[in-house]
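Notes to accompany the following structure.
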Amino acid sequence: MQALELLTKRSSMPRLQGPAPSSEQLQLMFRAAARAPDHMQLMPYRFIVFAEHQLAELGQLFAMAATQQQLTAQEIARAQDLPLRAPLVIVSIACYQEHDKVPPWEQLASAACATGLLQQAAFAQGLGAIWRTGWLTDSEALRQQLGLASNEAIIGFIYVGTAAVNTPIKPDKDYSGKVLYWG
Ligand SMILES: Cc1cc2nc3c(=O)[nH]c(=O)nc-3n(C[C@H](O)[C@H](O)[C@H](O)COP(=O)(O)O)c2cc1C
């Protein structure tokens, strides 16, 4: 895929199926993520990969978080099934470091860019992917189960796989009101 086609056409794909990305495809995604703009080269992010055979385990963790949150039995069952919407799920984590020149918001911006690039690199390789969040990102129970430190935050669950239908490419947004040419 041409770079400009990627940059102007990237679209999310919620309907995913196997096959999951190969390890080579995943490596390219992480290489792309590590190209994110990064003030002082802190790499303020990390990723946890749940492969297909580990998705049931992730579902158990989601269900545990839902139980902790005192959700209904129906909501707990739904939480358990959430990871099964793709053959691979990547948990994207922002890792804040004490730094006199790089405040937390800059580190979050860098981690978000890395996550966006991860998705773009999936799209560039013909994969489908979608960035999801929801209440689970703030679940203390899930944070603990995933081994997050107090300076870390879940910023997304990236569902990746093969598009079950052709990825609908959304039309360009009208950005004209978002840009001011000064003077
Ligand atoms: C930080 C963040 C969190 C998101 N969380 C969700 C989510 O929980 N569920 C969802 O359906 N879409 C979520 N989205 C939106 C999708 O990832 C996607 O961007 C949206 O469906 C628009 O599609 P597009 O990326 O093709 O423009 C989130 C996006 C971002 C940036």
Pairs where the first residue, in region 77-96, is assigned to a helix (DSSP H, G or I) and of a type in the set (Asp, Glu) and the second is modelled with pLDDT of 95 or more and surrounded by fewer than 24 Cβ atoms within 10 Å (Cβ to Cβ), C-beta under 7 Å, 6+ apart: 81/59
Selected residue (only one of 55, 7, 42, 28 is touching a Leu at 6+ places or on another chain (Cβ under 8 Å) and of a type in the set (A, V, I, L, M)): 55
Filtered residues of region 97-134 (kept if touching a residue at least 40 places away in the same chain (Cβ under 8 Å) and in a strand (DSSP E or B)): 128, 129, 130, 131
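Of the residues 137, 162, only one is within 15 Å of the ligand (Cβ to nearest atom) and touching a residue at least 12 places away in the same chain (Cβ under 8 Å); which?
On inspection, the qualifying residue turns out to be 137.
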Any chance residue 107 is under 19 Å from the mean Cα position of the chain (by Cα), surrounded by 19 or more Cβ atoms within 10 Å (Cβ to Cβ) and more than 14 Å from the ligand (Cβ to nearest atom): yes
Contacts under 6 angstrom Cβ, first residue in region 26-51 being free of Cβ contacts under 8 Å to residues at least 24 places away in the same chain, partner among the aromatic types (Phe, Trp, Tyr), 6 or more apart: none
Answer from 65, 112 - the residue that is near the ligand (Cβ under 10 Å from one of its atoms) and modelled with pLDDT of 95 or more: 112
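The values are calculated or read from the model by the stated rules, or taken from the named source; none is laboratory data. What you see is a predicted model, and the numbers here were worked out from it, not measured in a lab. When we count neighbours, we look across all protein chains shown, and the Cβ atoms used for this are built from the backbone with ideal geometry, even at glycine.
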